[in-house]
Amino acid sequence: LHRIFYGFDRENLFLRLDSSHHLINFIKEGGEFIIKFLTPKRIELEIRLEGEELKWKAFDIENDKRKKTVLADIEVVCDQICEMRFPFASVGADTENPIRLVVYARKGIALEQRFPPGGQYMEIVPPDESFEERMWYV
């Protein structure tokens, strides 16, 4: 991964994973991406191929135990880049409970990359009702 972009609307977080290589080839060669939400809920989302189909699985993390869960309305597509949509509600995020997340690229048991590196995380605060008014200037 070279860069990760994010954006949002009032209901959703959008992530984009960029690379100079086709990310779908990394996945076809046995790689996977893991989106680890640290707050407000501890959730891991694994993105990989099952057969020829791109799939994702979600897990709640409680007391360091993983339990498969169902998250509604998540979308993931990969080719040159990977793009994802997560409803803020699916991970329990709102203006008072921001998202903190880390992205991992893993192949087998080997960790290929962590983003951001060095024990850091990305923090994203969902917008409130006045967000659009505050962002528009004339």
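The values are calculated or read from the model by the stated rules, or taken from the named source; none is laboratory data. No experiment lies behind these values; they were computed from the predicted model shown. So basically every Cβ, Gly included, is an ideal-geometry build from the backbone, and we count neighbours across all protein chains shown. With ligands, DNA and RNA removed, areas are computed over all heavy atoms of the protein, side chains included. Shrake-Rupley method; radii C 1.70, N 1.55, O 1.52, S 1.80 Å.
Mind checking Rg over Rh on the chain, alpha carbons, Kirkwood formula for Rh?
So for the chain, dividing Rg by the Kirkwood Rh gives 0.98.
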Checklist entry - So, with +1 on the Cβ of K and R and -1 on the Cβ of D and E, and no other charges, what is the size of the charge dipole of the chain about its Cα centre, to the nearest 20 debye? => result 660
Next on the checklist: Taking the Cα centre as origin and putting +1 on Lys and Arg beta-carbons and -1 on Asp and Glu beta-carbons, what dipole magnitude results for region 36-77, to the nearest 20 debye?
Outcome noted: 280
Checklist outcome for this item: For the chain, the per residue accessible area (1.4 Å probe, Å²) is 62
Checklist entry - Charges only on Cβ, +1 for Lys and Arg, -1 for Asp and Glu: so what's the dipole of region 49-110 about the Cα centre, in debye to the nearest 20? => result 380
Checklist entry - What are the lysines whose alpha-carbon lies under 23 Å from the alpha-carbon of Lys68, with same-chain residues fewer than 8 places away excluded? => result Lys36, Lys41, Lys55, Lys57, Lys107
Checklist outcome for this item: Partner aspartates and glutamates whose C-alpha sits under 12 Å from that of Lys67, ignoring same-chain residues fewer than 8 away, are Glu44
Checklist entry - Which percent of the accessible area of the chain is formed by carbon and sulfur heavy atoms (probe 1.4 angstrom)? => result 49
Next on the checklist: Let me make sure I get this right: for region 4-50, a, b and c are the square roots of the gyration tensor eigenvalues over alpha carbons, sorted descending. Under 1.5 in a/c it's rounded, otherwise prolate if a/b > b/c, else oblate. Which is it?
Outcome noted: oblate
Checklist outcome for this item: Relative contact order of the chain (C-alpha contacts under 8 Å, at least 6 apart) in percent is 25
Checklist entry - What number, in percent, do you get for the relative contact order of region 20-69 if the mean sequence gap of Cα pairs under 8 Å and at least 6 apart is divided by its residue count? => result 24
Item to check | Neighbourhood net charge (14 Å Cβ-Cβ; Lys/Arg +1, Asp/Glu -1) for Leu15 | outcome: 0
